[in-house]
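Shown next, in structure tokens, is the structure this report addresses.
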Amino acid sequence: MKNLFAFVFAAIAFVCPFQSAAQSSDSLLLVKVKHIEPLFVDLIRDLGARKGEREWNIGLGSAHLNDHVELTTLVEYEFAPVNRLGFEVEIPFTFSFGTGNQTEEPLPGNRLDGLKLAAQYTFLVSPRFNTSAALGYLNEFELTSFSRYGKERFVRANLMHPFLVVAKSWKNNFHTMLITGPEWEKELRSSNSELFFHINGSIHYAVPATKSVIGLEINTLMAANFTSVVFRPQMRMTVSKTSKIGLVAGIPLDTKYDSYSFFLRWIYEVPMKGR
């Protein structure tokens, strides 16, 4: 874990001086290329984040499994204390309900899934090429179910996920983005650990003369013994100057590993003072 922190922040420390040298005025520091981020695996903060930006996200989703239904909800808070650097705190919950087709396996317990803490630094903003890139790190403390409180460890596992983001805006209102990186999950009750690799690609189209966006997100998770691929067609609508709503459908390539699902995200951008 210490090595992961060292890698991410050493990279940030390496690129900061070069960007500062290339951008000598405060106005240049605020240059930002418009990109459309995916709605399911979203960014920690906009690429090229500006100091003072803040955003709240509330998500609600459902997944229909073989013997039960899972309802998920999350609350996210994103903020940028300085230019180009964003932080996020997320608290996700999961609730399980039987469908009457239960097997001998007990239902997963209702739970606060964990506490997610993440940081992201945009090290490249190129208006000339309509391209931005960032490095980030996400750490999640996975918690046990409510019914197991006091009976076992409160923190069940630790998840560590450094990642790279590359995005490009194309002509004719198209936007593409890639979010990728390894993930380590270390169980705290044993010496077991698992290694995964994420490849999350997306393409979006900003509908002309509207503030609506339609697109497709493809989430790929690879491990030693399986590969999971989920297609997520989606759309985002602007409700007001500060609020947006996103709708996402989950269509798995193989229902052995994933289920059909639905996700709703409400996005509220806190107005910045003086702007």
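The values are calculated or read from the model by the stated rules, or taken from the named source; none is laboratory data. Here the structure is a predicted model, which means the values were calculated and not measured. Reconstructed Cβ throughout: ideal geometry from the backbone, glycine too, with neighbour counts over all protein chains shown. Remember, those area values only see protein heavy atoms, side chains included, never the ligands or the DNA or RNA. Shrake-Rupley method; radii C 1.70, N 1.55, O 1.52, S 1.80 Å.
Find how much the distance from His198 to Ser240 grows on full extension, using 0.36 nm per residue of separation minus their present alpha carbon separation; answer in nm with one decimal. Before the final figure, lay out the partial values.
On the way: separation 42, 0.36 × 42 = 15.12 nm, distance 3.34 nm.
Gain on extension, His198 to Ser240, equals 11.8 nm.
Across all Cα pairs in the range 145-245, the calculated P(r) in 10 Å bins from zero up to the longest distance comes to 13, 29, 26, 21, 10, 1 percent per bin. Compactness of the range 187-239 is given as radius of gyration and Dmax, 17.2, 56 Å, from Cα positions. Counting only lysines at least 8 places from Lys116 when in the same chain, those with an alpha carbon closer than 20 Å to its own are Lys2, Lys186.
Over all other residues within a Cβ to Cβ distance under 10 Å of Arg54, the charged ones net out to -3, with Lys and Arg as +1 and Asp and Glu as -1.
Taking every protein chain into account, the accessible area of the range 132-266 amounts to 53 square angstrom per residue (probe 1.4 Å).
Which whole-number percent gives the relative contact order of the range 127-217, counting Cα pairs below 8 Å spaced six or more residues apart?
For the range 127-217, the relative contact order is 22 percent.
Taking 0.36 nm per residue of separation and subtracting the current Cα-Cα distance, fully stretching the chain between Lys256 and Phe93 would add 56.3 nm.
For the range 152-275, the fraction of 1.4 Å probe accessible surface lying on carbon and sulfur atoms is 64 percent. The gain in end-to-end length when the Phe226 to Arg54 segment is fully stretched comes to 58.2 nm, 0.36 nm per residue minus the alpha carbon separation.
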